[in-house]
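Novice: Have a look at the structure that comes next, please.
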């Protein structure tokens with residue numbers, strides 16, 4: 001409403017007519033708009049609290065645990081011996097320290113990349129098959145979304161603690177930082193265009209300013225999340241994939257170095273924040 | 001075979017508060033797929049809750065209920081340690097029953 005009024009005032013300005021009444025209307029509407037925006041924000045917060053009690057992500061966590069323990073692939077073994085960073089088979093707290101450098105793969109990996117690695121190395125599934133279905137659609141579910149829900153839920157309440165002690169981790173962080181500020185695509189957008197200033201929003205969605213620690217923590221620690229509007233859990237890989245789509249960037253390849261670099265940058269900036277994922281979002 | 005429900009049941013004063021998450025697609029029958037063909041309706045029609053052989057809740061649902069529904073209700077007469085069983089039946093005849101123990 002606020003924006004519509006302002007636009008209309010601008011249009012009239014070009015014609016030179018009726019500028020004054022429209023400007024007055026614009027100012028009035030802007031004032032009302034600010035109050036409305038605040039009420040709306042409170043109401044959205046209230047709605048979030050109401051639905052937080054029955055987060056369907058729990059269904060995905062249970063399903064993911066089943067997949068984790070199920071013997072699968074040509075080698076017919078489960079993922080239970082998968083090393084997510086804190087030793088083979090340890091799931092508790094691992095998400096707080098990802099992405100990290102893994103010596104066996106000589107690569108910095110985020111959770112999804114590591115899960116793919118384990119499917120390939122432990123279960124003998126081909127890399128193409130392991131990566132085939134990272135995001136669910138209306139007519140097929142994704143095992144990856146369930147697995148990620150299970151693993152991240154085991155880090156609930158743990159403080160983010162991503163380390164940059166290895167040279168490759170530092171390189172990934174620096175690459176991610178570069179990507180965050182890199183402007184490109186038909187809109188000449190960077191991540192920072194939407195996420196580099198306070199109090200920005202798209203429609204009613206407040207955009208976190210990922211350059212300040214508080215916003216970065218709140219954003220990162222609530223992904224993955226069950227998206228009510230999409231009826232599924234979305235992973236952090238999906239979140240970045242969708243940001244790229246919204247920027248009209250080339251499609252972000254699942255578990256690519258680019259995706260891991262950006263994740264490393266954002267995860268490290270969220271250090272100190274307490275994980276609350278999988279969360280529940282609109 | 002449908003995925004299991006997630007049921008929590010706990011004493012709240014003299015009542016039992018039950019919270020149920022069901023895994024179901026809840027397709028309305030109104031939507032069309034990429035080729036323009038209707039996606040057939042597929043949704044939960046009946047939900048019942050049974051405690052000590054007695055039905056404490058019976059509900060008829062329709063396609064307006066969301067995907068992966070969440071149901072919360074309270075009933076009198078239950079005690080900690082007893083069990084509550086929830087059953088849903090959908091319009092394709094698929095059925096699922098899960099049980100939870102009431103916690104203090």
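Novice: Which residues, counting only those in region A:152-170, are free of Cβ contacts under 8 Å to residues at least 12 places away in the same chain and surrounded by 13 or more Cβ atoms within 10 Å (Cβ to Cβ)?
Specialist: Once the filter is applied, which keeps residues that are free of Cβ contacts under 8 Å to residues at least 12 places away in the same chain and surrounded by 13 or more Cβ atoms within 10 Å (Cβ to Cβ), region A:152-170 yields only A:170.
Novice: What residue, among those in region B:68-98 that are part of a loop (DSSP other than H, G, I, E, B) and surrounded by fewer than 13 Cβ atoms within 10 Å (Cβ to Cβ), is nearest to the other protein chains (Cβ to nearest Cβ)? Give the steps one after another, and end with the answer.
Specialist: First, pick out the residues of region B:68-98 that are part of a loop (DSSP other than H, G, I, E, B): B:68-69, B:77-82, B:91-94.
When the remaining residues are screened for being surrounded by fewer than 13 Cβ atoms within 10 Å (Cβ to Cβ), the result is B:77, B:79-81, B:92-93.
Working: B:77: 24, B:79: 23, B:80: 21, B:81: 23, B:92: 16, B:93: 21 Å.
Going through the qualifying residues, I end up with B:92.
Novice: Residue B:38 - would you say it is within 14 Å of chain A (Cβ to nearest Cβ) and in contact with a helix residue (DSSP H, G or I) (Cβ under 7 Å, 6 or more places away or on another chain)?
Specialist: On the way: within 14 Å of chain A (Cβ to nearest Cβ): yes; in contact with a helix residue (DSSP H, G or I) (Cβ under 7 Å, 6 or more places away or on another chain): no.
So residue B:38 does not fit the description; no.
Novice: Six or more apart or on different chains, Cβ atoms under 6 Å: show the pairs whose first residue is in region B:20-33 and free of Cβ contacts under 8 Å to residues at least 40 places away in the same chain and whose second is assigned to a strand (DSSP E or B).
Specialist: B:27/B:42; B:32/B:38
Novice: Which of the strands (runs of 3 or more DSSP E) found entirely inside region A:182-240 contain at least 1 residues meeting this: within 14 Å of another protein chain (Cβ to nearest Cβ)?
Specialist: Output list reads A:225-227, A:232-234.
Novice: Would you confirm whether or not region B:18-28 contains a residue that is touching a helix residue (DSSP H, G or I) at 6+ places or on another chain (Cβ under 6 Å) and either outside any strand (DSSP E or B) or more than 14 Å from chain A (Cβ to nearest Cβ) (or both)? Talk me through it step by step, then tell me what you get.
Specialist: Just the residues of region B:18-28 that are touching a helix residue (DSSP H, G or I) at 6+ places or on another chain (Cβ under 6 Å), to begin with: B:21, B:23.
Checking which are either outside any strand (DSSP E or B) or more than 14 Å from chain A (Cβ to nearest Cβ) (or both) leaves us with B:23.
Looking for residues that are touching a helix residue (DSSP H, G or I) at 6+ places or on another chain (Cβ under 6 Å) and either outside any strand (DSSP E or B) or more than 14 Å from chain A (Cβ to nearest Cβ) (or both), one finds at least one in region B:18-28, hence yes.
Novice: Separate question: For the structure I just gave you, tell me whether residue A:234 is at pLDDT below 95 and closer than 21 Å to residue A:50 by Cβ. Spell out how you get there, then give the answer.
Specialist: Details: at pLDDT below 95: no; closer than 21 Å to residue A:50 by Cβ: yes.
Here the answer is no, as residue A:234 does not meet what is asked.
Novice: Further, regarding this structure: With the checklist (1) touching a residue at least 40 places away in the same chain (Cβ under 8 Å); (2) surrounded by 17 or more Cβ atoms within 10 Å (Cβ to Cβ); (3) more than 14 Å from every other protein chain (Cβ to nearest Cβ) in hand, flag the one item residue A:143 doesn't pass.
Specialist: Residue A:143 satisfies every listed condition except (3).
Novice: Out of all the residues in region A:44-72, which are more than 14 Å from every other protein chain (Cβ to nearest Cβ), modelled with pLDDT of 90 or more and farther than 16 Å from residue A:278 by Cβ?
Specialist: Answer for region A:44-72, where residues must be more than 14 Å from every other protein chain (Cβ to nearest Cβ), modelled with pLDDT of 90 or more and farther than 16 Å from residue A:278 by Cβ: A:69, A:71, A:72.
Novice: Answer yes if at least one residue in region A:120-131 is crowded, with 19+ Cβ neighbours inside 10 Å and farther than 22 Å from residue A:72 by Cβ, and no otherwise.
Specialist: There is no residue in region A:120-131 that is crowded, with 19+ Cβ neighbours inside 10 Å and farther than 22 Å from residue A:72 by Cβ.
Novice: Shifting gears a bit: Quick one: which residue in A:280, A:266 is in contact with a strand residue (DSSP E or B) (Cβ under 7 Å, 6 or more places away or on another chain) and touching a residue at least 24 places away in the same chain (Cβ under 8 Å)?
Specialist: On the way: A:266 fails: in contact with a strand residue (DSSP E or B) (Cβ under 7 Å, 6 or more places away or on another chain).
The unique qualifying residue is A:280.
Novice: Any residue at all in region B:46-54 that is within 14 Å of chain A (Cβ to nearest Cβ), in contact with a strand residue (DSSP E or B) (Cβ under 9 Å, 6 or more places away or on another chain) and closer than 26 Å to residue A:55 by Cβ? Spell out the reasoning first.
Specialist: Kept after step one, since they are within 14 Å of chain A (Cβ to nearest Cβ), are these residues of region B:46-54: none.
The answer is no; no qualifying residue exists.
Novice: For residue A:184, state whether it is touching a residue at least 24 places away in the same chain (Cβ under 8 Å) and out of contact with any helix residue (DSSP H, G or I) (no Cβ under 7 Å at 6 or more places or on another chain). Full working, then the answer.
Specialist: Values: touching a residue at least 24 places away in the same chain (Cβ under 8 Å): yes; out of contact with any helix residue (DSSP H, G or I) (no Cβ under 7 Å at 6 or more places or on another chain): yes.
Yes: the conditions hold for residue A:184.
Novice: A further question on this structure: Identify, from the list A:98, A:86, A:122, the residue that is under 30 Å from residue A:201 (Cα atoms) and at pLDDT 90 or above. Before you say what the answer is, go through the steps one by one.
Specialist: Working: A:86 fails: under 30 Å from residue A:201 (Cα atoms); A:122 fails: under 30 Å from residue A:201 (Cα atoms).
Of A:98, A:86, A:122, the one residue that is under 30 Å from residue A:201 (Cα atoms) and at pLDDT 90 or above is A:98.
The values are calculated or read from the model by the stated rules, or taken from the named source; none is laboratory data. Since the structure is predicted, the reported quantities are computational estimates derived from the model, not experimental observations. In this analysis, Cβ positions are derived from the backbone assuming ideal geometry, glycine residues included, and neighbour counts consider all displayed protein chains.
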